[in-house]
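Novice: To start, I am sharing the structure in question, which I have written as structure tokens.
What follows is calculated from the coordinates using simple rules that are stated; it is not laboratory data. Computed from a predicted structure; not experimentally measured. So basically every Cβ, Gly included, is an ideal-geometry build from the backbone, and we count neighbours across all protein chains shown.
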Amino acid sequence: MIHFFTTYGSQLIAKIGQHLYISAIALLLGIIVAVPLGILLTRMKHGANFVITLAGVLQTIPAMALLAIMIPIFGIGSTPAIVALFIYSLLPILRNTYLGMRSVSPAVQDAAKGMGMTWWQAIIQADLPLAAPVIMAGIRLSATYVIAWATLASYIGAGGLGDFIFNGLNLYRSDLILGGSIPVILLALLVDYLLGKVEATVTPRQILR
Amino acid sequence: MLLEMSHLRKEYPNGKMAVDDFNLEVGRGEFICFIGTSGSGKTTTMRMINRMLHQTSGTIKINGHDIAKMDPVKLRRSIGYVIQNIGLMPHMTIQENIELVPKLLGWSKEKRAQQAHKMIALAQLPDEMLERYPGELSGGQQQRIGVVRALAADQEIILMDEPFGALDPITRESLQDLVKHLQEDLGKTFIFVTHDMDEALSLATRVVIMSQGKQVQVDTPENILRHPANEFVTNLIGEERLIRAQPNILTVSQIMKRHPATIQPEQTLADAIDTMHERRVDTLLVTDQDQKLVGYLDIDDVSRKTDVQTPVKQLMNHEVSYVQAKALIGDSVQRLLKLGVKNIPVVNQEKQLVGIVTRTSLVDIVYDALRGAPATDEQPASPINVDIHAAANHEGSADA
């Protein structure tokens, strides 16, 4: 254990950094695209089912296959990995945003409009805060997925903790496999915990009856 | 006119006519109730006023300005809006909820806070409640907030869509008092949609009865009770309510007995006893030569005196209570009950005697009303009427 840290300590820090970087960018892109899209879908009469199904189909593509598809388009390195992970992050966020926005009571929406909120004000001041817990749950789920799957990004040269695991597999070195896997698990748990804190903050302080 | 609606029509793409040629002029401080069965177009009409719905044709003007030419957002901020499901923002405190429209209008923080304190007082709720969230309040308290929220930006017109429909009867009544107070004391104008006839009749200055998108009758509650336009209105009001309303719409002159037994002050006791004997009464009303009521003479006053030549004016009681011929029966019934008298004279404006109301004439109205009611009225609206009905039905069958 100590031996592992003295040998690979600095490398481990660097890999965790890479891993976080890839995951964070992918997740951020996912949020930037999926949340507005989800909101937009609730405001459209048609098309919502189609878009959500499409995101679901993308989700079913095996991770390895998706990464492989990215290589001819983006080459190797972190860019194709980020794009692939971004695609994976879309569905949970999109679906939860859509469901969260839909779950806002029609009475609240009617009152918001009837009192003179603009389309935009109604979304920002009424719908979004009320849908926030559900949207955050989607983001947490995506974050866990993305961190876990970022391991595979090492396969196309994006780096990250996957490097340890693949090296360990190639060299039959269980210490390397564990040295890569355990930080991934801890990372996923930590991020989920932190996002849980964020979720608690954005959840409106209201006593539900 | 504050609000003018002319030739409003709302037709849905499937050809369903929701509102057909709706016309109404509403003055400042009026309380208008839209009432009708579901699908009568009452809510649709109301929602066109703040452009939550758009009419197929026709115009709505507020203070002479066509609302179709206004910015809908600005229009809605100038009109109070209260819905049945309350529609408070669950993630905002009561204070934030009340300040919502003022905030949209860009009021300063101080002015908004001041208004919030004023509004919570108006709602007759404790000031500390401003800090709470809607979920912590009872349904009645929430709707009180809903009502005052609609006034927080000094809106002149307040639209209410069955606001008290989901509340229990006692809470509903206290909220009705609140809105009535807002209308009467603050001069706010209400457009109030309801399907509760008692609510409409007690709150409205004018009631608009609607059916299948058309106005059936537009009038004051009194006139609607007195002259229901057609059978639909009669059914909507209900026989029960019409019967109960009778004491308040019939006047004394319609039920009084004419030509009561009278005597002049100058006549003697002998004349009085003769008249009593002849008319089979125990009381004579004393009138002067102008037919003005000046007193009464009771048999008790007579029997104690032996001298039959005593003029009536020495014996009569000058303290006589009477009712005006134009007064409503409801009031005279109350007087009869309060005074505990058997009968009460009826006078015209010149205080000339025109008739008399006896307790038996009151029995007649109740009897006529009940006998006129449907024979198989199995569920009287109020439990108080159950006994009366049972009695009436019993008598009816005894007669037959």
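Novice: Can you work out the Karplus-derived ³J(HN,Hα) for every residue in segment B:116-131? Use 6.51 cos²θ - 1.76 cosθ + 1.60 with θ = phi - 60°, whole Hz, and x for glycine or proline.
Specialist: The phi angles translate into 4, 5, 5, 5, 5, 5, 4, 6, 6, 10, x, 4, 4, 5, 4, 7 Hz.
Novice: Of the candidates A:71, A:147, A:124, which one comes out as most mobile in a Gaussian network treatment of chain A with C-alpha springs shorter than 10 Å?
Specialist: A:124
Novice: Only Cα pairs under 8 Å and at least 6 apart count here; give the relative contact order of segment A:2-202 as a rounded whole percent.
Specialist: 27 percent
Novice: Next up: Antiparallel as a % of all DSSP beta bridges within the protein assembly as shown, to the nearest 5?
Specialist: 60 percent
Novice: How big is segment B:69-228 on each of its three principal axes, counting only the C-alpha atoms and giving the largest first in Å?
Specialist: For segment B:69-228, the Cα extents along the three principal axes come out at 52, 42, 28 Å.
Novice: Based on the Cβ-Cβ distance from residue A:68 to residue A:105, what FRET efficiency comes out when R0 is 41 Å, to the nearest 0.05?
Specialist: For residue A:68 and residue A:105, the calculated efficiency is 0.35.
Novice: Still on this structure, I have one more. Could you sort out which of B:313/B:338; B:103/B:188; B:69/B:214; B:180/B:351; B:257/B:313 sit more than 30 Å apart by Cα distance in this structure?
Specialist: Those over the limit are B:180/B:351.
Novice: In addition: Residue by residue through B:125-133, how many Cβ atoms from other chains fall within 10 Å of the Cβ on average?
Specialist: The per-residue average across the peptide is 1.
Novice: Could I have the simple spin-label model distance between residue B:281 and residue B:1, label points 7 Å from Cα toward Cβ, reported in nm to one decimal?
Specialist: The two pseudo-label positions are separated by 5.2 nm.
Novice: Where in chain A are the DSSP H helices whose C-alpha atoms run 27 Å or more along the long axis and whose mean Kyte hydropathy is at least 1.0?
Specialist: Long hydrophobic helices here: A:2-42, A:128-149, A:174-202.
Novice: Less than 12 Å Cβ to Cβ from residue B:21, Lys/Arg counted +1 and Asp/Glu -1: what total charge do the surrounding residues give?
Specialist: Neighbourhood net charge equals +1.
Novice: Let me ask another. Each residue of segment B:145-161 in turn: what ³J(HN,Hα) in whole Hz from Karplus with 6.51, -1.76, 1.60 and θ = phi - 60°, glycine and Pro shown as x?
Specialist: 5, x, 5, 6, 4, 6, 10, 4, 9, 6, 5, 8, 9, 10, 9, 10, 10
Novice: Say we join alpha carbon atoms closer than 10 Å with springs in a Gaussian network model of chain A; which of A:89, A:154, A:23 then has the biggest fluctuation?
Specialist: Of the options given, A:154 has the highest mean-square fluctuation.
Novice: Here is a further query. For segment B:94-213, what is the relative contact order in percent, using Cα pairs closer than 8 Å and at least 6 residues apart in sequence?
Specialist: After rounding, I find 23 percent.
Novice: Label residue A:171 and residue B:12 with points 7 Å out from Cα along Cα→Cβ: what is the distance between them in nm?
Specialist: With each label point 7 Å from Cα toward Cβ, the separation is 7.2 nm.
Novice: Another question, if that's okay. Between residue B:138 and residue B:57, what's the calculated FRET efficiency when r is the beta-carbon distance and R0 is 45 Å? Round to 0.05.
Specialist: 0.55
Novice: A further question on this structure: Once you place label points 7 Å from the Cα toward the Cβ at residue B:309 and residue A:40, how far apart are they in nm?
Specialist: Inter-label distance under the simple model: 11.6 nm.
Novice: Note the direction-averaged projected area, equal to a quarter of the hull surface, for the Cα convex hull of segment A:2-202, in nm².
Specialist: 12.8 nm²
Novice: Then there is this: For peptide B:88-97, what's the mean number of Cβ atoms from other chains within 10 Å of each residue's Cβ?
Specialist: 5
Novice: While we're looking at this one, here's another question. Once you keep just the Cα pairs under 8 angstrom separated by 6 or more residues, what percentage relative contact order results for chain B?
Specialist: The value is 15 percent.
Novice: What does the structure give for B:77-86 when I average, per residue, the other chain Cβ atoms found within 10 Å of the residue Cβ?
Specialist: Per residue, the number of nearby Cβ atoms from other chains is 4 on average.
Novice: Assuming 0.36 nm per residue, please report the length gained on full extension of the stretch residue B:338 to residue B:367 beyond their Cα-Cα distance.
Specialist: Between residue B:338 and residue B:367, full extension yields an extra 8.3 nm.
Novice: Return the tail of the calculated pair distribution for the protein assembly as shown, meaning the percent of Cα-Cα pairs more than 42 Å apart.
Specialist: Tail of the P(r) past 42 Å holds 52 percent of the pairs.
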